[in-house]
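Following: one structure in structure tokens, then a few remarks.
The values are calculated or read from the model by the stated rules, or taken from the named source; none is laboratory data. As the structure is a computational prediction, the values presented were derived from the model and not from experiment. Backbone-built Cβ (ideal geometry, glycine too); neighbour counts: all protein chains shown.
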Amino acid sequence: MPPVRPFRGLSYRVADHGQVADLTDLVCPPYDVISPAQQAALLARDLHNAVRLELSAETDPHAAAAATLSAWLTDRTLERRPRPALYAYGHARSGEPDRATVHGVLARVLLEPFGGGVRAHERTLPGPKADRLALLRATRTQLSPVLAAYFDVSADSPDLASLPRTGERSARDGDGLLHTVAAIEPNDRLLEYLARQRLYIADGHHRYETALAYQAEVRADAALTDAAPGALASDWVMAVLINAEREQLEIQATHRLVLKADPAALQSLARDPGPFWHAQPLAPTQLAGRLAGLREASAPVFGLVLPDDQGYLLVGDADALAERMASEPMHEALRRLDLAILHAEVLADRLGIDAAAVAAGGRLAYTRSEADAIRAVADGAAQAAILVRPTRLEQLAAVAGIGEVMPQKSTYFYPKLLTGLVFYPLEGD
């Protein structure tokens, strides 16, 4: 399993008045969930908001982020810890916004290809990886942590809340949920415990793969090729490690918006669903509630929203779909997943949107909001919406554990870890 180590984090310099520093005006979500409106609001909130690094609004965003980072280092807006540390990262959950009840360790993890001690669970898209790699080249700093889950039921699991901590900071995300981070002194027992865990990338696949690509570029330098594993800062990735057996991680659904498909084929999903589906007419606004009530149902279920306020609950024939999915070159654990069935039988077979079309872009869009999905169809921004159930954590572990990956946007871990609480510079040591 990959080694885990402390690092000299880069953080906002704040006055120490014996209180927890509030960084709410300085932090931002990761790039992939920042809308243009939210980007503008974050920029207006504070001139030093981390969105100027994570998702600059300038014409050349990567160069602008690098210049901003350099300026903040010069004027000491940001400061580097004098000694390496681990960090206790906590965040609140839905329903308890004022208390950080999910706890993890923010550390650096030795990079390795997926398949051994680090497992992926979903596919990535080339566009975001190219963008993040360009930003990493420009700033030479990992701005946002990866979220990695592990599964340990043993009594060795540490009580992170009981460890001594210093320099605690807090921030509220856009939904008002509390996030906290504080430095904790590294100790061999904790590091050895974490290094025994197999890690499953829960959120941040693009960032992890970008870190691997950047590491390869750095090590392509003849002077660095033979450096020992872990000797270079670029050999590591910043990650929050959370024991999913002890902490209550929340996964939300990511719904599909169909942007370009044959209208007749879309209508046939409801009017002539064929041998695999039964279509039950239902008001679009009632679909989310029905899907929630069927969350544990074994048969695949989707909500279909079509123009003119048409809604249908698509309930799959489990046996017929199992026979259809048997021809797919994937493990049985993946063939049973709603989203694997959706992408194979509905999107590819029925609508002609295969994996290559999804990767090319322009055929699908994504949203977490059922209301936004329904509105997009009503307003003509999408031809149809397909509402899905959230992937369960045990499904993620089963698929990643056998080395398979789910379709893109299979999981949305909520809340997103904040950008701006700690950065990981890849030079300067």
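Residues are listed down the side, and each one gets a yes or a no for (1) farther than 24 Å from Asp46 by Cα; (2) assigned by TED's automatic domain parsing to the domain that holds Leu47; (3) at pLDDT below 95; (4) acidic (Asp, Glu):
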{"site": "Ala66", "(1), (2), (3), (4)": "no, yes, no, no"}
{"site": "Leu73", "(1), (2), (3), (4)": "no, yes, no, no"}
{"site": "Glu79", "(1), (2), (3), (4)": "no, yes, no, yes"}
{"site": "Arg83", "(1), (2), (3), (4)": "yes, yes, yes, no"}
{"site": "Tyr89", "(1), (2), (3), (4)": "no, yes, no, no"}
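If you scan the range 17-44, which residues turn out to be touching a Leu at 6+ places or on another chain (Cβ under 7 Å), part of a helix (DSSP H, G or I) and not hydroxyl-bearing (Ser, Thr, Tyr)?
Gln39
Just checking, how many residues over the range 348-378 are among the polar types (S, T, N, Q) and out of contact with any strand residue (DSSP E or B) (no Cβ under 7 Å at 6 or more places or on another chain)? Don't jump to the end; show me each part of the working.
If we filter the range 348-378 for residues that are among the polar types (S, T, N, Q), which is where we start, we get 367, 369.
Next, only the ones that are out of contact with any strand residue (DSSP E or B) (no Cβ under 7 Å at 6 or more places or on another chain) stay: 369.
Of the residues in that region, 1 qualify.
Would you say Thr68 is hydroxyl-bearing (Ser, Thr, Tyr), surrounded by fewer than 21 Cβ atoms within 10 Å (Cβ to Cβ) and assigned to a helix (DSSP H, G or I)? Full working, then the answer.
Details: hydroxyl-bearing (Ser, Thr, Tyr): yes; surrounded by fewer than 21 Cβ atoms within 10 Å (Cβ to Cβ): yes; assigned to a helix (DSSP H, G or I): yes.
For Thr68, the condition - hydroxyl-bearing (Ser, Thr, Tyr), surrounded by fewer than 21 Cβ atoms within 10 Å (Cβ to Cβ) and assigned to a helix (DSSP H, G or I) - is met.
Would you check if Leu241 is at pLDDT 95 or above, surrounded by 17 or more Cβ atoms within 10 Å (Cβ to Cβ) and part of a helix (DSSP H, G or I)?
It is false that Leu241 is at pLDDT 95 or above, surrounded by 17 or more Cβ atoms within 10 Å (Cβ to Cβ) and part of a helix (DSSP H, G or I).
Residue under question is Val358, and the condition is that it be surrounded by fewer than 22 Cβ atoms within 10 Å (Cβ to Cβ), touching a residue at least 12 places away in the same chain (Cβ under 8 Å) and either at negative phi or in a helix (DSSP H, G or I) (or both); does it hold?
Numbers: surrounded by fewer than 22 Cβ atoms within 10 Å (Cβ to Cβ): yes; touching a residue at least 12 places away in the same chain (Cβ under 8 Å): yes; either at negative phi or in a helix (DSSP H, G or I) (or both): yes.
So Val358 passes the test.
Out of everything in the range 31-64 that is in contact with a strand residue (DSSP E or B) (Cβ under 7 Å, 6 or more places away or on another chain) and aliphatic (A, V, I, L, M), what residue ends up being modelled with the lowest pLDDT? Show your work before the answer.
Residues of the range 31-64 in contact with a strand residue (DSSP E or B) (Cβ under 7 Å, 6 or more places away or on another chain): 34, 42, 49-51, 54.
Within this subset, residues satisfying the condition of being aliphatic (A, V, I, L, M) are 34, 42, 50-51.
Values: Ile34: 93, Leu42: 96, Ala50: 98, Val51: 98.
Filtering first and then ranking leaves Ile34.
Just one of (1) under 15 Å from the mean Cα position of the chain (by Cα); (2) crowded, with 17+ Cβ neighbours inside 10 Å trips up Arg256, so point out which.
Single failed check for Arg256: (1).
Can you name every residue in the range 361-399 that is in a strand (DSSP E or B), of a type outside the set (Gly, Ala, Ser) and over 16 Å from the mean Cα position of the chain (by Cα)? It would help to see each step written out before you state the result.
Here is the first cut: in the range 361-399, the residues in a strand (DSSP E or B) are 364-367, 384-387.
With of a type outside the set (Gly, Ala, Ser) added as a condition, the list becomes 364, 366-367, 386-387.
Across the range 361-399, the qualifying residues are Leu364, Ile386, Leu387.
Among the listed residues Pro284, Pro273, Pro263, identify the single one that is touching a residue at least 40 places away in the same chain (Cβ under 8 Å), buried (at least 18 other Cβ atoms within 10 Å of the Cβ), more than 31 Å from the chain's Cα centre (by Cα) and in the same structural domain as Asp354 (by TED's automatic domain parsing). Before you say what the answer is, go through the steps one by one.
Details: Pro284 fails: more than 31 Å from the chain's Cα centre (by Cα); Pro263 fails: buried (at least 18 other Cβ atoms within 10 Å of the Cβ).
None of the other options fit; the residue is Pro273.
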